[in-house]
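> Would you mind keeping the following structure in view while I ask a few things?
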Amino acid sequence: MARSLFHLISLAVIGGLSALIYSEIIDTGKRYDVFDLLKKRPLTAVIGAENPIIAQGDPSPLLRAEPLDLNNLGILADMNRALSDLTEAVVPSVVSIDTTTNVNVTRVVPTDPFGLFGYRQDQSYEAPGLGSGVIVTNQGHIVTNHHVVAGVDAIRVTLHDGSQYEAEWIGSDPNVDVAVLQLKAPEGGQLPVIRPLSFGDSDSVRVGEMVLAVGNPFGLSETVTQGIISAKQRELSDGSNDYFQVDAVINPGNSGGPLVNIRGEIIGINVAIFTGQQDVRVWQGIGLAIPANEVKEVFEAIVLGRPLIRGYIGVEVENISRNYAIALGLTSTQGALITNVVSDSPAEEAGLKPGDVILMFDGKPAKNAEEVLARIQSKKAGEVANLSFVRKGEPMEIAVQAIAKSDTNTLKLKSDIAANGQSIAEALGISVGNLSPEQRIALGLPETTAAIVITGVKADSQAAKRFQTGDLIHRINQAPVTDVATFYDLLGSLPQDKTTVMVLSRDGTLIRAFLNP
């Protein structure tokens, strides 16, 4: 045992002496080894001053590391200043839009512990909404998305200085998703001086151009994001319009805000974000905007009454019923049935006939009649629509060249709704008027009570069976009737598939009148 231990100690001593001799005599390099560590020699002595790195010592220009010159920042400083100036010029023209929608619900209130008996109770609440818009005229016209204000009961706009004003809806084109609002001056007051933005030419926009998106995401007003035009002619679905794709950050609440170029011109209206995953509603690097030329065309049609030019081939279409699909041997109801072909139209010249069923449009499935009409209207004069259709069970294909034609069917205008309401009131046989302060005092009605008065009822009319001169109209489908203009607006926009309830009073007694579609 002692002998083995002696041999181990001898080997260790010999090994240490050999390493020391190698390190001091044989190995003349500057390697850092265990003996350097034992001598407490710092590692930096090897990789620093005692052994300079090759890039600093080698005279070759390819390996020499030149220090950065951080004093020449003129171009970046100018660009930074220009972006700030652009933002300051654009932001005052962008507004935040807050909407409220009156929602009516009916619930059953139990009257016994077991819930076997009860009564219906109508309740209502206000659902808020938000969006963005941009001022485009000195008269306070605002462009936004149709879906931001569609079906809402009240619109309130917040300007750059924090002041708030009511706004009224003027008109929309739901197909393009563009709406026009107008600021309302307060009673006895006037609107402040406002700065509109002008429309740019979106047809001249190039991929790669720098843009700013301004809006009200998640209620964070005057948010500015920067990006570029990533692509053009993007589609949300097979039948949708073409959009600009941008990488500027766009989130819920940006809808209706402007996309501006480096000159501060509106080249698009932000409309949506692309969500690559289901139920993901945040920015993923792809935003979409409606090109400004389409927006301007709709704006001028609504405000200036200029004709709205759309693609036209001369067909009337409707959705395919289940029975018709079975009769034709179709596997689904997708597509559009041609019900009429206009004489001397491009469709007639191409050979389309009533009864043809359009299944494909430009190589993409046609889902329904509305989609087919939207695709036709998006065509420019001279562009060709390639249709795949079925005629008496036989598949066929045809090419139809579109022409440009004035279109008034896609616009929804406040003036049309009011006129429609007036015609409905005339058809009912009633005339109405606002209540004067003296009439309210005589009737004991406070200013906060919504009411107008029936000033006349035509003999032998529908209204003569239920209404009388002097009756007060308070609500239509839970919406308060505050004045005659509101009454006509409510009548003109009544749902065509539901029964309408009009709430009146006569000598203090409430009356419910039901109007069929």
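The values are calculated or read from the model by the stated rules, or taken from the named source; none is laboratory data. Computed from a predicted model, the values in this text were never measured in an experiment. Every residue, glycine among them, receives a Cβ derived from its backbone with ideal geometry; neighbour counts consider all protein chains shown.
> Does Val214 qualify as being closer than 22 Å to Leu411 by Cβ, in contact with a Pro (Cβ under 8 Å, 6 or more places away or on another chain), outside any loop (DSSP other than H, G, I, E, B) and assigned by TED's automatic domain parsing to the domain that holds Pro291? If you could, list the steps in order and put the result at the bottom.
On the way: closer than 22 Å to Leu411 by Cβ: no; in contact with a Pro (Cβ under 8 Å, 6 or more places away or on another chain): yes; outside any loop (DSSP other than H, G, I, E, B): yes; assigned by TED's automatic domain parsing to the domain that holds Pro291: yes.
Against the criterion (closer than 22 Å to Leu411 by Cβ, in contact with a Pro (Cβ under 8 Å, 6 or more places away or on another chain), outside any loop (DSSP other than H, G, I, E, B) and assigned by TED's automatic domain parsing to the domain that holds Pro291), Val214 does not qualify.
> Which of the residues spanning segment 154-168 are part of a strand (DSSP E or B) and under 18 Å from Asn216 (Cβ atoms)?
Quick first cut of segment 154-168, residues part of a strand (DSSP E or B) only: 154-158, 164-168.
Correct list: Ala154, Ile155, Arg156, Val157, Thr158, Gln164, Tyr165, Glu166, Ala167.
> Suppose the filter is under 26 Å from Asn102 (Cα atoms) and either buried (at least 16 other Cβ atoms within 10 Å of the Cβ) or basic (Lys, Arg) (or both); does Thr486 pass it?
Values: under 26 Å from Asn102 (Cα atoms): yes; either buried (at least 16 other Cβ atoms within 10 Å of the Cβ) or basic (Lys, Arg) (or both): yes.
Yes.
> Right, another one. Would you call Val432 among the hydrophobic types (A, V, I, L, M, F, W, C), assigned to a strand (DSSP E or B) and under 30 Å from Thr448 (Cβ atoms)? I'd like the intermediate steps shown before the answer.
Working: among the hydrophobic types (A, V, I, L, M, F, W, C): yes; assigned to a strand (DSSP E or B): yes; under 30 Å from Thr448 (Cβ atoms): yes.
Here the answer is yes, as Val432 does meet what is asked.
> What are the residues in segment 305-317 that are in a loop (DSSP other than H, G, I, E, B), in contact with a helix residue (DSSP H, G or I) (Cβ under 6 Å, 6 or more places away or on another chain) and free of Cβ contacts under 8 Å to residues at least 60 places away in the same chain, if any? Spell out how you get there, then give the answer.
Initial filter on segment 305-317 (in a loop (DSSP other than H, G, I, E, B)): 305-307, 313-314.
The next check asks that each one be in contact with a helix residue (DSSP H, G or I) (Cβ under 6 Å, 6 or more places away or on another chain); those that pass are 306, 313-314.
Answer for segment 305-317, where residues must be in a loop (DSSP other than H, G, I, E, B), in contact with a helix residue (DSSP H, G or I) (Cβ under 6 Å, 6 or more places away or on another chain) and free of Cβ contacts under 8 Å to residues at least 60 places away in the same chain: Arg306, Gly314.
> Turning to a different aspect of this structure: From the residues in segment 168-208 that are within 17 Å of Gln233 (Cα to Cα) and under 19 Å from the mean Cα position of the chain (by Cα), which one is surrounded by the most Cβ atoms within 10 Å (Cβ to Cβ)?
Top of the filtered list is Asp177.
> Which members of segment 385-400 meet the condition of being surrounded by fewer than 16 Cβ atoms within 10 Å (Cβ to Cβ) and either in a strand (DSSP E or B) or without any contact (Cβ under 8 Å) to a residue 40 or more places away in the chain (or both)?
So the first thing to find is which residues in segment 385-400 are surrounded by fewer than 16 Cβ atoms within 10 Å (Cβ to Cβ), and the list is 386, 392-397, 399.
Listed by number, the residues that qualify are Asn386, Lys392, Glu394, Pro395, Met396, Glu397, Ala399.
> Please specify each residue of segment 143-154 satisfying the condition of being aliphatic (A, V, I, L, M) and under 9 Å from Ala179 (Cβ atoms). Walk me through it before giving the result.
Residues of segment 143-154 that are aliphatic (A, V, I, L, M), as a first pass: 143, 148-150, 152, 154.
Correct list: Val143, Val148, Val149, Ala150.
> Name every residue in segment 169-195 that is under 20 Å from Lys296 (Cβ atoms) and outside any strand (DSSP E or B), in order of residue number.
Here is the first cut: in segment 169-195, the residues under 20 Å from Lys296 (Cβ atoms) are 169-183, 194-195.
The answer is Pro174, Asn175, Val176, Asp177, Ile194, Arg195.
> To continue, here is another question. Restricting attention to segment 209-223, which residues are crowded, with 22+ Cβ neighbours inside 10 Å and among the small types (Gly, Ala, Ser)?
Matches in segment 209-223: Ala213, Gly215.
> For segment 318-335, give me each residue that is part of a helix (DSSP H, G or I) and loosely packed, with under 14 Cβ neighbours inside 10 Å. It would help to see each step written out before you state the result.
Taking segment 318-335 as the starting set, the residues that turn out to be part of a helix (DSSP H, G or I) are 322-328.
Of everything in segment 318-335, those that are part of a helix (DSSP H, G or I) and loosely packed, with under 14 Cβ neighbours inside 10 Å turn out to be Arg322, Asn323, Ile326, Ala327.
> Then there is this: Of all residues in segment 133-160 being out of contact with any strand residue (DSSP E or B) (no Cβ under 6 Å at 6 or more places or on another chain) and without any contact (Cβ under 8 Å) to a residue 60 or more places away in the chain, which is nearest to Thr410 (Cα to Cα)?
Ala150
> Continuing with the same structure: If you scan segment 339-373, which residues turn out to be β-branched (Val, Ile, Thr) and free of Cβ contacts under 8 Å to residues at least 24 places away in the same chain? Give the steps one after another, and end with the answer.
Initially, segment 339-373 is screened for residues β-branched (Val, Ile, Thr), giving 339, 341-342, 357-358, 372.
Selection gives Thr339 alone.
> Given the options Thr469, Thr448, name the one that is part of a loop (DSSP other than H, G, I, E, B), closer than 23 Å to Glu126 by Cβ and not assigned by TED's automatic domain parsing to the domain that holds Thr101. Lay out the reasoning, then the answer.
Working: Thr469 fails: closer than 23 Å to Glu126 by Cβ.
Exactly one residue qualifies, and that residue is Thr448.
> On the given criteria, is Gly433 on the phi > 0 side of the Ramachandran plot and assigned by TED's automatic domain parsing to the domain that holds Thr486?
Working: on the phi > 0 side of the Ramachandran plot: no; assigned by TED's automatic domain parsing to the domain that holds Thr486: yes.
Taking the combined requirement at face value, the residue does not satisfy it.
> For segment 417-429, indicate whether the set of residues that are in a helix (DSSP H, G or I), surrounded by fewer than 16 Cβ atoms within 10 Å (Cβ to Cβ) and among the hydroxyl-bearing types (Ser, Thr, Tyr) is non-empty.
Looking for residues that are in a helix (DSSP H, G or I), surrounded by fewer than 16 Cβ atoms within 10 Å (Cβ to Cβ) and among the hydroxyl-bearing types (Ser, Thr, Tyr), one finds at least one in segment 417-429, hence yes.
> Can you tell me which residue in segment 116-145 is nearest to Ala479 (Cα to Cα), limited to those that are modelled with pLDDT under 90 and assigned to a loop (DSSP other than H, G, I, E, B)?
Phe117
> Which condition breaks for Thr486 when tested against (1) assigned to a helix (DSSP H, G or I); (2) closer than 21 Å to Ala442 by Cα?
(2) is the only condition that Thr486 fails.
> To continue, here is another question. Among the residues of segment 281-304, count how many are outside any helix (DSSP H, G or I), at pLDDT 85 or above and surrounded by fewer than 21 Cβ atoms within 10 Å (Cβ to Cβ).
Residues in segment 281-304 being outside any helix (DSSP H, G or I), at pLDDT 85 or above and surrounded by fewer than 21 Cβ atoms within 10 Å (Cβ to Cβ): 1 in total.
> On the basis of being surrounded by 18 or more Cβ atoms within 10 Å (Cβ to Cβ), hydroxyl-bearing (Ser, Thr, Tyr) and more than 19 Å from the chain's Cα centre (by Cα), does Tyr243 make the cut?
Working: surrounded by 18 or more Cβ atoms within 10 Å (Cβ to Cβ): yes; hydroxyl-bearing (Ser, Thr, Tyr): yes; more than 19 Å from the chain's Cα centre (by Cα): no.
So Tyr243 does not fit the description; no.
> Would segment 384-394 turn up any residue that is under 18 Å from Val176 (Cβ atoms), hydrophobic (A, V, I, L, M, F, W, C) and assigned by TED's automatic domain parsing to the domain that holds Val315?
Filtering segment 384-394 down to residues under 18 Å from Val176 (Cβ atoms) leaves none.
Within segment 384-394 (the criterion being under 18 Å from Val176 (Cβ atoms), hydrophobic (A, V, I, L, M, F, W, C) and assigned by TED's automatic domain parsing to the domain that holds Val315), the answer is no, since none of the residues qualifies.
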